[in-house]
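Engineer: Handing you a structure now.
The values are calculated or read from the model by the stated rules, or taken from the named source; none is laboratory data. Keep in mind that what you see is a predicted model, and the values were worked out from it rather than measured. In this analysis, Cβ positions are derived from the backbone assuming ideal geometry, glycine residues included, and neighbour counts consider all displayed protein chains. Surface accessibility is based on the protein's heavy atoms, side chains included, excluding ligands, DNA and RNA. Shrake-Rupley method; radii C 1.70, N 1.55, O 1.52, S 1.80 Å.
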Amino acid sequence: MRGDSVTGRRPARGEGSGGLARGIDVDAVALYLSRPSLALGVYPASPWADGTAAGPPGGFGADTPRDPGVADPRDLGERLQDAVGRAIGAHRTVAVLHDGSVGASALLAAATAAGRALGAEVTVVAADHPGPTGASVAVATQQVIAALGERHRFLLAETTRLPGGAGGAWNPVAPDLAGTPLVRAAEARAARLGATLLLTAEGCDEVLQAGPLPAPSRLRGPRSAGRQLADRWRTEGAAAVLADATSVLGRGARARRLRAGMQVALAPFAAALGDTPRVLPPQRLAHVESWTADWIRRLVECLAGYRDPVRAYVLARTARFAGPLPAAVAAAAAVPRRSPFLDPAFTAWALRLPAGSRYDPRLPAPHLRRSGLLVALVPHAARHALPTTSIPTASPTAAAVADHPLCRALGVLDGAPGPVEAVVAARLAVLEEWLAGAGEVSRPARTAG
């Protein structure tokens, strides 16, 4: 059972508890300050007292069959195009957010083909931040568009000129954890054009990238295995190679538990193991720490629960998208967002891909080799414009907590404001903004499904 909710008469704006709406679940809101949520973007639960829990910690591959057969990687492009078509549906003016990544170029290629088939106009909204070389990623995006041979409208997502201040439109479902300045700027651009849907490449890496070394029987050959191990050593260190070695040495329960324990200490999961922020009141702190411990336990169970280490790894990485809440939040954005990579039929099919197909030893850089399936989705003429390293993401710059009166009134912020981690300060700002919006509506139409 969850803890106390804000109940009774809803005070007017600025009255009583600072304009808080009735029916907010305090314990659920506190979970948005947990390490899995801060570090990985996990939606822990609906913030509404009558809402539903999100997928994690119970959504780690619970509904996936254990022996689903094998998919053919040659069908990947067609499968993604079908997923894009399902996302577009009846929409006829669609925007694609291109952040400069390999996955975004793969999405643009699929959206171009699907839009042509469905008669939908596709506009590209491109990020303008520096890429790995220091040049704007928009330059490479333009090269990809030119190589596709289509006449797309091309607009820059200008994060320094967000309308209405730093915040975006209030989301009636939950705080929008994916509503970064880039996403909000893309929504603003798309809305100005009259687009009714924004396609993103969210989840592309989690669903399709290579991770740990496949079991020996599923390797593409000794050359591929040697190169993948070298890339893992170079990018993730000796610990990642040792974790891979447990898969080679044994696939029994003991070896899987050992592998899982090592993998949890590696990126991206390691960031979720840090201490819970001490900005929470004591009673909320204990609740969040207990939830986090249970989430980590289930994460380890997922990583150890499958004989195929690659399948276990993909399911663990995609757990943050599990359940209806993340998709419901995206659908309720100012311009509804969808990611074809997270289409249920597509992800179920992608889990059936041969483990060895995710890594392509022929490509020239470790990042591209690890993203072999995504690279294969980009036409050959456009591959020269793909980044050879991952695109850096903008990190929060705040270093101190302003006095967030709504968070304090709700009971998720304790003590005097002071310096905290940037990611915690940024999340408190998101929660404060969401609570302010919740206080200005009488009874929002909200759903997690």
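Engineer: For the list (1) in contact (Cβ under 8 Å) with a residue 60 or more places away in the chain; (2) surrounded by fewer than 23 Cβ atoms within 10 Å (Cβ to Cβ); (3) polar (S, T, N, Q), I need the number of the one condition that Ser290 fails.
Structural biologist: Of the numbered conditions (1) in contact (Cβ under 8 Å) with a residue 60 or more places away in the chain; (2) surrounded by fewer than 23 Cβ atoms within 10 Å (Cβ to Cβ); (3) polar (S, T, N, Q), the odd one out for Ser290 is (1).
Engineer: Turning to a different aspect of this structure: Return the pair list, or none, for Cβ contacts closer than 6 Å from residues in segment 72-99 that are over 11 Å from Ala120 (Cβ atoms) and part of a helix (DSSP H, G or I) to residues that are open to solvent by less than 30 Å² (accessible area, probe 1.4 Å) and small (Gly, Ala, Ser), at least 6 apart or on different chains.
Structural biologist: Hits for this filter: Pro73/Ser357; Leu80/Ala110; Gln81/Ala110; Gln81/Ala113; Gln81/Ala114.
Engineer: Take Leu374 and decide whether it is in a loop (DSSP other than H, G, I, E, B) and surrounded by 15 or more Cβ atoms within 10 Å (Cβ to Cβ).
Structural biologist: no
Engineer: Which of the residues spanning segment 377-391 are farther than 26 Å from Asp72 by Cβ, in a helix (DSSP H, G or I) and small (Gly, Ala, Ser)?
Structural biologist: Across segment 377-391, the qualifying residue is only Ala385.
Engineer: If you don't mind, another one. Residues that are modelled with pLDDT of 95 or more, more than 23 Å from Leu177 (Cβ to Cβ) and open to solvent by 20 Å² or more (accessible area, probe 1.4 Å), at least 1 per element: which helices (runs of 4 or more DSSP H) completely within segment 306-361 meet that?
Structural biologist: Passing ranges, in order: 344-350.
Engineer: Take the residues of segment 392-411 that are crowded, with 19+ Cβ neighbours inside 10 Å and in a loop (DSSP other than H, G, I, E, B): which is modelled with the lowest pLDDT?
Structural biologist: Val401
Engineer: With the checklist (1) modelled with pLDDT under 95; (2) open to solvent by 20 Å² or more (accessible area, probe 1.4 Å); (3) not basic (Lys, Arg) in hand, flag the one item Gly89 doesn't pass.
Structural biologist: Gly89 satisfies all of (1) modelled with pLDDT under 95; (2) open to solvent by 20 Å² or more (accessible area, probe 1.4 Å); (3) not basic (Lys, Arg) except (1).
Engineer: Of all residues being over 27 Å from the mean Cα position of the chain (by Cα) and open to solvent by 50 Å² or more (accessible area, probe 1.4 Å) in segment 420-449, which is modelled with the highest pLDDT? Just the residue, please.
Structural biologist: Glu440
Engineer: Still on this structure, please answer the following. Restricting segment 179-224 to residues that are at pLDDT below 85 and among the hydroxyl-bearing types (Ser, Thr, Tyr), which is least open to solvent (accessible area, probe 1.4 Å)?
Structural biologist: Ser224
Engineer: Checking the structure you have, find out if any residue of segment 124-145 is assigned to a helix (DSSP H, G or I), modelled with pLDDT of 95 or more and touching a helix residue (DSSP H, G or I) at 6+ places or on another chain (Cβ under 8 Å).
Structural biologist: The answer is no; no qualifying residue exists.
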